[in-house]
1. In straight Cα distance, which aspartates and glutamates are under 15 Å from residue A:122, not counting same-chain residues fewer than 8 positions off?
2. Which of the lysines could a cross-linker bridge to residue B:46, judged by Cα under 20 Å and excluding same-chain residues fewer than eight apart?
3. What net charge is computed for the residues neighbouring residue A:103, neighbours being all others with C-beta under 12 Å from the C-beta of residue A:103, Lys and Arg scored +1, Asp and Glu -1?
4. If you average the sequence gap of Cα pairs under 8 Å that are 6 or more apart and divide by the length of chain A, what percent do you get for the contact order?
5. Taking a cut-off of 20 Å between Cα atoms, list the lysines near residue A:51, but don't count ones fewer than 8 places away on the same chain.
6. What is the angle, in °, between the Cα long axis of helix A:155-166 and the longest principal axis of the Cα atoms in chain A? Nearest 10 is fine, range 0 to 90.
7. Given the Cα-Cα distance of residue A:37 and residue A:68 and 0.36 nm per residue of separation, how much length would full extension add, in nm?
8. Can you tell me the dipole magnitude for chain A around its Cα centre, using point charges on the Cβ only (Lys, Arg +1; Asp, Glu -1), in Debye to the nearest 20?
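Here, each number is a calculation from the coordinates, and none is a lab measurement. What you see is a predicted model; the values in this text were computed from it and never measured. Neighbour counts are summed over all protein chains in view; Cβ atoms, including those assigned to glycine, are modelled from backbone coordinates with ideal geometry.
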Amino acid sequence: MHHTIPVCILILIVFIVLSAPANSAKIGDSYPITLPSLFDSKKNISSNDFKEKVLYVDFWASWCIPCRKSLPQLNELRERLKRNGKDFEILAINLDSDPNEAIAFLNKYPVDYPVVYDAEGKYPKLYGVKGMPTSYILDLQGKIRYVHSGFRSSDIKKIEALVHEMLP
Amino acid sequence: MRCCLKIRSEYFFSIRFYGGVIILLSLSGLTGCASVEPWEKGMLAKPEMGWTPDPIEAAMESHIFFSKEGSSGGNVSGGGGCGCN
């Protein structure tokens, strides 16, 4: 009976160790991304290709319901900012287990920005993605300046304001 | 020697011994625990994986929960938990 408390403490410690939080990217961190294009696995796209631009890194999947709203609205935002001469780009990282599902989604909701495919889920782990969709706004130096989880239509205005703030 | 064997056999058949074995086996089972990451929920997000696979019935149940209990969402992986609905 007198062993009960130490045994409970031991079990508690095991649970705490097992449930330790995973790595999570912080504001100011820089994690360059290099992944194959969703449409051409032989072509690599890197976040370093957009270093002189504010980069919106968007983690998404075809089964993510808010992504049906976010992708078309982000595409519109990109077009609008481009028309105004703003150095802004979006890099969408698809996390579907089957890339064909992502391609079918993009046929329905087409976008003009680059879409890469992370088959092993390396980058969401590195960035500490906690829900779908999650996005990170990287500044001109490639450092994370803003983390955004989920998506509502009203978020576009906030994102636009942040991009304007970050650009000279 | 006989005395020691007696003690050992008593211990072998004791509740404490079996309790220890059960705890050890349970702890070893923890190594099989794996958390499903948010981006790995594609299969769980399929409509057939919902509590109510029939879309009309699911919509009706969702309406009942919303109107009677003031709760909504969280019944499928694709739309719950991200604060975006």
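1. Correct list for residue A:122: A:58, A:96, B:37, B:40.
2. Within the straight-line limit of under 20 Å, residue B:46 reaches these lysines: A:69, A:108, A:130.
3. Computed value for this residue: -3.
4. 32 percent
5. Leaving aside lysines fewer than 8 places away in the same chain, those within reach of residue A:51 are A:26, A:43, A:82, A:86, A:143.
6. 80 degrees
7. Between residue A:37 and residue A:68, full extension yields 9.1 nm more.
8. Taking the Cα centre of chain A as origin, the dipole is about 340 debye.
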